[in-house]
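Notes follow the structure.
Derivation of every value follows stated rules applied to the coordinates shown; laboratory data play no part. Since we're looking at a predicted model, the values are computed, not measured. Positions of Cβ are backbone-derived with ideal geometry, glycine not excepted, and every protein chain shown enters the neighbour counts.
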Amino acid sequence: MNTEPHGYRVLMKLLFGGEPPAWRDRAACADADPSLFHTAGRTAAAKAVCATCPVLAECRENQLSWEANGPARYRDNAFGVVGGLSGAERRRIHYPARNAKDVA
Ligand code: SF4
C-alpha cells in the first residue's frame, strides 16, 4: 500500500510522470521546510539552499522542461523557488520576447 499522501502522488505524477527521479534523494531541500520555497520574502533564503544543492542542474532542467512542455498556465503561473530560480526568473526564460518588451 502506498502511504504517500494523495497530493504528493499527484505532484510526482505531474512533475515526473510517476516516481521521482533518483537525483531527488540528493536534493538539498529534501529535509527543508517546503514553505521556504513558496513564501514571498523568503526567496533569498530558498536560493541559498539551492546554491548548495548537488542536483541543482538536474532540478532546474526538469522544472524548466516541465513548465515549457505543459499547458501555458504552467509557465504563466510559475511561482516559488525551484532549481535556484524564482518564478519571475523562470517566466522571463520562457518569455524572452515579453521580457524585451518590458524593458523597452
Ligand atoms: S535546486 Fe533547490 S529546489 Fe531543486 S532540488 Fe536542489 S534545493 Fe531543491
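How many nm separate the modelled label positions at A32 and R98, each set 7 Å beyond the Cα in the direction of the Cβ?
Output for this residue pair reads 2.5 nm.
Taking 0.36 nm per intervening residue step and subtracting the Cα-Cα distance, what contour gain separates A88 from T52 on full extension?
Details: separation 36, 0.36 × 36 = 12.96 nm, distance 2.11 nm.
Net length gain for the segment: 10.8 nm.
If neighbour count is taken as other Cβ atoms inside 10 Å, put W66, W23 in order from fewest to most. List each step's numbers first, then the result.
Numbers: W66 17, W23 13.
Fewest-to-most Cβ neighbours within 10 Å comes out as W23, W66.
Given charges of +1 on the Cβ of Lys and Arg and -1 on the Cβ of Asp and Glu, with all other atoms neutral, how large is the dipole of the range 24-77 about its Cα centre, in debye to the nearest 20?
Details: 7 positive and 7 negative charges, 27 e Å.
Here the range 24-77 has a charge dipole of around 120 debye.
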